[in-house]
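Novice: Here it is: the structure, laid out below.
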Amino acid sequence: MVGPAVSVRCPACGHPLRVVLAPSPPTQWFPCANCHAPVPVVVPRDPPPLYAWEVIPGLYPALPPPRLPRWRARPVAAGTLFGVAVVAVVLAAVFGYYAVIAPAPGSFATNGSVTLQTASGGTMPGSGVTVTVVEESGASVSTTTGADGSFSIAGLPTGGLAITFTRSGYSPVTVDAFVSTLYSAGATGLGVSMARGGPSNASTYALTPFTDLEQFVASIGAGILLLGLVAVLAAYAGVLTLRADRPAVGVVGGAAGLFSPLALLLLSLGDPFPLVLVASAALSALGAFVVGLRAIQMMQTGPAAV
């Protein structure tokens, strides 16, 4: 048995819609031919024309025509998604520039001071401590601390450095550092305290997440790849949003921009490039706006028609 044909208007855009109802369920959903928003229609309980308000004029108040919003969510969401893509491309270009100049050769230095723990629990200047710097290539250079425990070694190349402190009767200490024209960590102003012991009690401290130049460049490359994926997802979601009102697509594209700064932090790119990480906050803000806008629309109108 086929139900009656009912004429309704879409509450989202006001477009007229004529549908043929099935006997059940009581409430049925039909996609709007104009905006594809789902339109609920209730099956009449009485045969026509008893359910029609035209039979008894004035019994039911006339429904006002739906007001169209001054701005539509779909164009705003699409524009914001394209903004996410543009910002991601700009940040990827900045990282690309960094990746090119990161391996640039340079001459760097390491310096600092060493203190030794005494048997009474105090400390004294670490004179006569052997300081050995092993470069990324495997070459090494050594020096000995002065009477005040200070040391300095110059002429070190770009890359990771393993700085080892040794002295008879004390536990060796190794400090991992990194030096480059873009980012240097742990090589200068070192303050090392050596405890009494032997080689079996050696300790290692990593003052940077990058142990060598290859890992540093690889992290920058991973950041470029990540931002490229964000740009592609956001741009594709923006195109789909312009073609049809699919809120779920906007949520996915916006989420890519929303969580990209967190991914950059996980790649340890926050310390070397704090300004770029701050700039990525704009990417996160645009993504959060799209996610919120489209999520609210999904809660109000339900999922869009495919």
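Novice: Where residues in the stretch 218-242 are in contact with a helix residue (DSSP H, G or I) (Cβ under 8 Å, 6 or more places away or on another chain) and more than 19 Å from L283 (Cα to Cα), which of them is surrounded by the most Cβ atoms within 10 Å (Cβ to Cβ)?
Specialist: Among them, the one singled out is L240.
Novice: Still on this structure, I have one more. Of the numbered conditions (1) crowded, with 23+ Cβ neighbours inside 10 Å; (2) in contact with a Pro (Cβ under 6 Å, 6 or more places away or on another chain), A256 satisfies every one except a single condition; which is it?
Specialist: (2)
Novice: Same structure again: Checking the condition outside the structural domain of G96 (by TED's automatic domain parsing) and crowded, with 17+ Cβ neighbours inside 10 Å, which residue from S140, S180, S168 passes?
Specialist: S180
Novice: What tally of residues in the stretch 105-137 results from selecting those that are under 42 Å from the mean Cα position of the chain (by Cα) and without any contact (Cβ under 8 Å) to a residue 60 or more places away in the chain?
Specialist: Of the residues in that region, 8 qualify.
Novice: For residues in the stretch 191-225 being touching a strand residue (DSSP E or B) at 6+ places or on another chain (Cβ under 6 Å) and among the hydrophobic types (A, V, I, L, M, F, W, C), which is farthest from S150 (Cα to Cα)?
Specialist: My answer is L213.
Residue-by-condition table, conditions (1) hydrophobic (A, V, I, L, M, F, W, C); (2) assigned to a strand (DSSP E or B); (3) surrounded by 15 or more Cβ atoms within 10 Å (Cβ to Cβ):
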site: V100; (1), (2), (3): yes, no, no
site: P105; (1), (2), (3): no, no, no
site: S113; (1), (2), (3): no, yes, yes
site: L116; (1), (2), (3): yes, yes, yes
site: A119; (1), (2), (3): yes, no, no
site: V131; (1), (2), (3): yes, yes, yes
site: G146; (1), (2), (3): no, no, yes
site: S152; (1), (2), (3): no, yes, no
site: I163; (1), (2), (3): yes, yes, yes
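Novice: Please verify whether the stretch 291-306 includes one or more residues that are surrounded by 19 or more Cβ atoms within 10 Å (Cβ to Cβ), under 16 Å from the mean Cα position of the chain (by Cα) and closer than 21 Å to L91 by Cβ.
Specialist: yes
Novice: Could you tell me how many of the residues in the stretch 186-217 are more than 30 Å from Y170 (Cα to Cα) and loosely packed, with under 14 Cβ neighbours inside 10 Å?
Specialist: Total satisfying the criteria: 1.
Novice: Within the stretch 91-104, how many residues are free of Cβ contacts under 8 Å to residues at least 12 places away in the same chain and not hydrophobic (A, V, I, L, M, F, W, C)?
Specialist: Going through the stretch 91-104 one residue at a time, the tally reaches 1.
Novice: Now, a different point. What are the pairs with Cβ atoms under 9 angstrom where one residue, in the stretch 214-241, is within 15 Å of Y97 (Cα to Cα) and touching a residue at least 60 places away in the same chain (Cβ under 8 Å) and the other, located anywhere, is assigned to a helix (DSSP H, G or I) and among the polar types (S, T, N, Q)? Sequence gap at least six, or different chains.
Specialist: Short answer, once both residue conditions are applied: L227/S260; L227/S280.
Novice: Sticking with this structure for a sec: From the list G287, G250, G238, G228, which residue is in a helix (DSSP H, G or I), within 14 Å of V84 (Cα to Cα) and at pLDDT below 90?
Specialist: Going through G287, G250, G238, G228 in turn, just one is in a helix (DSSP H, G or I), within 14 Å of V84 (Cα to Cα) and at pLDDT below 90: G250.
The values are calculated or read from the model by the stated rules, or taken from the named source; none is laboratory data. Small disclaimer: the values here were computed from a predicted structure and weren't measured. FYI the Cβ positions are ideal-geometry reconstructions off the backbone, even for glycines, and counts take in every protein chain you see.
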